[in-house]
Every structure is written in C-alpha cells, then in structure tokens.
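First up is the structure itself, then whatever we jot down about it.
The values are calculated or read from the model by the stated rules, or taken from the named source; none is laboratory data. Everything numeric here is computed off the predicted structure, so don't read it as measured data. Virtual Cβ from ideal backbone geometry, glycine too; neighbours counted across all protein chains shown.
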Amino acid sequence: MKKQFFSALSLLITMHCSAQIKWSSDSLSTNQIEWSNYSTTYPGDIKETTPFIVTAIPYNGTYSNFANIGIPLDLSFTGSLFSYVSALSNNSIRLYTYDSSEVYFLTPGIYKKNAGKYEYRITLNAKTIITPWSSIDKFTDLQLYTFKKGFGFLGGYKTGWGNFITVELRKKGEDSIISSAIVYWKETRPVVSSIYTTKNLNDFFTLLKRPWDKSLKQPGIPAKLSFSSSENIIIFCLSTNVYKKEASEYEVLLDKKVYRKWGENDFDNNFIWLKNLSPGNYNLRIRFSRQRQNISDYEFEIKPQWQQTTLFKIITGSLIAAFFGFIILLSRVKKQKQKLKETQAIKDKLKLNLQSLRSQLNPHFIFNALSSIQTLINKKDTSAANQYLTSFSDLLRENLKYNEREMVPLQVEIKMLETYIRLEQLRFNFKYAINVSTDLNKMFVEIPSLLLQPLIENAVKHGISFKQNKGEVHIDFYYDKKNLCARIYDNGNGFDLAQETKGFGLKLTKERIELLNKKLNIQQIHLSVESDKTGTSFLFTFENWL
C-alpha cells in the first residue's frame, strides 16, 4: 500500500452505529471527489492487461494508523457467503480505515470496451450481499500510475465501526476470483508515545530538526506523570503522524474544571504543546476529529513550590488575616455601637409614630361608636342602646388589655372584630360571616391589633348601611403558601378608586402598614383594594407570616 498521504478537510465522525452500508450517489462524478485526500493501494507489478481492484482510503489529516497489506485483520468468516476463506487469500487486499467517510473502489484494466467480460460483488461482514454480481457501468477520468484514463469505478461505500465490506472481481461465467479487497472500519484513539518537559526541551528541538535520525532516543512516558513546578512546559508527542492540525483535538482540565475547551491542535505536527502551567492536577483529553467518540485521557500533576503549598498559604493567610481582622474588628465595634444607637433611635421614633397613629385611630373608632349609641338613644331604642353600650365597654376593655402590644393572637383579634361587628349590626341589621381556614392555628398566629377594624367600619357605614338586612360583610382568613391572607368583602355599591377618599379609616390603615413594614424584616404587609358597582374587597397579605 502506498506510504504517503495527502491533506484534506477534517470530517466529523459518526458515533458507533449498527452495521449499515451506504453507496455514494449515482450522479457523483469522480471529478467531484478530492482524490488528493485518499491513499490508493499500489498495484505492484500487475500489468495493465490484468484487471484488479484498487482501494482508495481517506487520510483526513493523518499519515499513519493504516494497516499495511498482509497484516491479518480480526475478521470472522463463520457462516459467511464464501465457501472457502482461502478464496479470498489470493490477490486479496486487506486493510483498515479509521475514518467514517466513504472508501472508493476502482478497477484498472477494465474499460468500456471490455467491461462486458467482468462482474463484481459487494458484501457486508461476509454475510449480507449489498450488491449482487453486477456489470461495471461507471468509469473514471483519472490517470492512475501507468493506467490510462477511463477505467472502471465501483463507487464509494461506508459502514459502521467494527464492520467490514468485501469487494470481489471475476470474469463472467467463472467461479475463480481475479481480485478482492476487504476494508475494516476500525475504532482508534490517540496514543502518546513520548513526553518532553522544560528539562529536556533541547532534545525535543533536536528531534524536530532531525526527525529521520533513528539514533535519537525519545524519553517515552514516565511511570508517574508528576512534574516539579519548574516543569511548567510539557509536550505530548503522539504516535500518529499528523500533518493537519484539524485532524486532532484536545481539551485540558485543571482540578476537574475546564482549563482549555475542546478545539483543534495548535500545531500541524503530531505533538501537543502545553505552556505556562500553574500547579495543580491536570487531565489532557485527546481525540481524533474523525472519531470524536474515542478519547484518550492522560492525567498529570504540576507540584507547587514551597511558597505555593497549601500549608504555607494557610499560615501566611492566617497571620495576615489575623492582623487585618484585628484592625477591622476595632473599626466594626466602633461602627456597630454607632449603628445600634442609630437603629434604636429609629425604632423609638417608629414606636412613637405608631403610638401616635393608634391614638388617632382609637378616638376615631370611639367617636363613631358613641355616635352610634347617641343615634339609638335619639330613636328612644333604650334596649338596643344599653346592649350597644355593654358590648362597646367589653370591646374597650379588650382593647385596653392589649393596648401595649403591637401584635395579638388571631383568636383575640377575631373576638374583638366580632364584638365590633355585632355593635354595628344593632344599628344597620346587616348580615356578616367570619371564616377561618381549618389549618390556621388561631392562638399561634399573631397580627397587628385592630388593623382590620377601620376597613370593616368602612364596609359597614359606607358600603352596606343603606341596604339594611340585604347588606352582607364577609371576613376570611386563609393560607396562601407562606402568606397569611385576610379578605374583607361587602356587597355595597363600591367607590371610585381613582378619587381620593376623605375618610380616615383607609388613610390611617395605610400609614400604619407603612410604619409596621419599616419595623418588620422579611415579613411585610400589603393591602390591595378592588371596588366596583357590585361591592368592595380589601385584601391584606401578611407576607412570610407562617
């Protein structure tokens, strides 16, 4: 087989697949094939008058890794189509291909004028007939060796890795095979034959200048790939003769992280040159672009200098950290004291603001309650006035009991709200309902005291007071993921959200929520309002409350 190979573009390699064979298109002209990328088998002393098969296998960037003629292949002819394996031994070419591209078959000595005397057959794995005995009806425009143009062309074929195809040539009407060729699609991966480092770079440069000199001894591969910090230049030489840098690709991992992404080699030669490597554990991963599924891994270590060791860094870092930590600590203690004073001042201010706001809220509520009692007295409804006054005193007592607490249990809050609603029910005779989700622990969950009361008051007086027994107020407490939700709904006529309300209830509630949110951390309170002609809904969302 011819020993020299020609350059070509690198082809992507298909993954290992089931045995299948593909024939190049009938319309493919031999002029469309880049023959400079193919190595052809050498006919030797065969005369032009004797037809034979020439096989063309693609280089795609490498010269070696091709088996010579006569080297046995790992093939099995058990249960094959051939009566005798020996029928393939005479005038038979057996070789490997390491590329997924098509292999082409030519028949010098067969031309249009004598093609009718011969026929060929193609089989897969010596068991499946791909092309039965057929006449040769395609011819080339090639000039090959001493053979003139116009000889036979059988086409291009390829199959999956680990499979082989056989091409046979014979005279029509005869059983004996004139010539045959077997091509085996073999998987392979790059192999490193020698490693050079900073210590023996001169030997490497000498080898580059005199690659033919067999007396130059190569270092081979060390038993343990561990190098000192000064050996931060490492050259890995491949056993394959690479003449195109696209033919081989490599990736470098440093401490199991990508240090250099997959990419073509930086050089056209069969070596990989890694420069300026820092200490660490590396993994060099190499593959041929035509067989990307087969990767060779070479793990190696660059040892750190003593001042680069982890222990030295820990000790030095600890001393430096201790010194600066002491300086920072003094500064932080001073700043922390100042910050605590400022934070406490803000908290005191917020507390005063909340107390001031509640002092506005309570008189507003008390005024409305007394006004309701006065209305009942004026109507001479003494019984209702007394009942209202009794309930009102109970509500004030509960409010005073929890006056110093910003938060009260939900159960207490519901009790005070229900007392207030019953008071208003005496005046306006409306319907109400308080619903609490069964999965809520009313004693465990706390909310701001009487936060909902002003908006319930709005719902009663401005929403459904005119409807009397047709008016309805619904209050719902429920979960929403990690949030506690409280919804107040009335079936009144609603109001225009675009117009600023003149009432104190909604305004004071919003101001109170704003102050509470400043005191709270991850917990926040949000209020949303929806209103139309069918009613009004106030939704409190106590975020991250549960």
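Any residue in region 436-451 that is outside any strand (DSSP E or B), at pLDDT below 90 and touching a His at 6+ places or on another chain (Cβ under 9 Å)? So far as region 436-451 goes, no, none of its residues is outside any strand (DSSP E or B), at pLDDT below 90 and touching a His at 6+ places or on another chain (Cβ under 9 Å). Within region 75-124, the residues that satisfy the criterion of being part of a strand (DSSP E or B), at pLDDT 90 or above and either in contact with a Cys (Cβ under 9 Å, 6 or more places away or on another chain) or of a type outside the set (Ser, Thr, Tyr) (or both) are Val103, Phe105, Leu106, Glu119, Arg121, Ile122, Leu124. Mind checking which residues of region 45-63 are part of a loop (DSSP other than H, G, I, E, B) and either crowded, with 19+ Cβ neighbours inside 10 Å or modelled with pLDDT of 65 or more (or both)? Listed by number, the residues that qualify are Thr49, Thr50, Pro51, Phe52, Ile53, Tyr59, Asn60, Gly61, Tyr63. If you filter region 351-406 down to residues that are surrounded by 15 or more Cβ atoms within 10 Å (Cβ to Cβ) and among the small types (Gly, Ala, Ser), you find that the one that is modelled with the highest pLDDT is Ala385. Return a yes/no flag: does region 507-529 have any residue that is part of a helix (DSSP H, G or I), among the polar types (S, T, N, Q) and either without any contact (Cβ under 8 Å) to a residue 24 or more places away in the chain or not assigned by TED's automatic domain parsing to the domain that holds Ile414 (or both). Yes, that holds for at least one residue. Listed by first and then second residue, the pairs linking a residue in region 401-412 that is farther than 16 Å from Leu520 by Cβ and part of a helix (DSSP H, G or I) to a residue that is modelled with pLDDT under 75 and among the charged types (D, E, K, R), with Cβ atoms under 9 Å apart and 6 or more places separating them unless they lie on different chains, are Val412/Glu398; Val412/Lys401. Annotation for region 124-146: at least one member residue is free of Cβ contacts under 8 Å to residues at least 24 places away in the same chain, small (Gly, Ala, Ser) and out of contact with any helix residue (DSSP H, G or I) (no Cβ under 7 Å at 6 or more places or on another chain). Of all residues in region 407-436, those satisfying the criterion of being among the charged types (D, E, K, R) and under 16 Å from Leu395 (Cα atoms) are Glu413, Lys415, Glu418, Arg422, Glu424.
Hey, does region 487-503 have a residue that's assigned to a strand (DSSP E or B), modelled with pLDDT of 90 or more and surrounded by fewer than 17 Cβ atoms within 10 Å (Cβ to Cβ)?
no
Scan region 271-320 for residues that are at pLDDT below 85, more than 16 Å from Ile233 (Cα to Cα) and not β-branched (Val, Ile, Thr) and report the count. Residues in region 271-320 being at pLDDT below 85, more than 16 Å from Ile233 (Cα to Cα) and not β-branched (Val, Ile, Thr): 9 in total.
Within region 170-190, the only residue that satisfies the criterion of being under 25 Å from Thr55 (Cβ atoms), loosely packed, with under 15 Cβ neighbours inside 10 Å and not charged (D, E, K, R) is Ser176. Residues in region 148-161 that are part of a loop (DSSP other than H, G, I, E, B) and surrounded by 15 or more Cβ atoms within 10 Å (Cβ to Cβ): Gly150, Phe151, Gly160, Trp161. Those strands (runs of 3 or more DSSP E) of region 162-240 in which 1 or more residues are assigned by TED's automatic domain parsing to the domain that holds Leu274, in contact with an Asp or Glu (Cβ under 9 Å, 6 or more places away or on another chain) and under 30 Å from Leu277 (Cβ atoms) occupy 192-197. Out of (1) surrounded by 16 or more Cβ atoms within 10 Å (Cβ to Cβ); (2) out of contact with any helix residue (DSSP H, G or I) (no Cβ under 9 Å at 6 or more places or on another chain), what's the single condition that is false for Asn458? Result: Asn458 fails condition (2) only.
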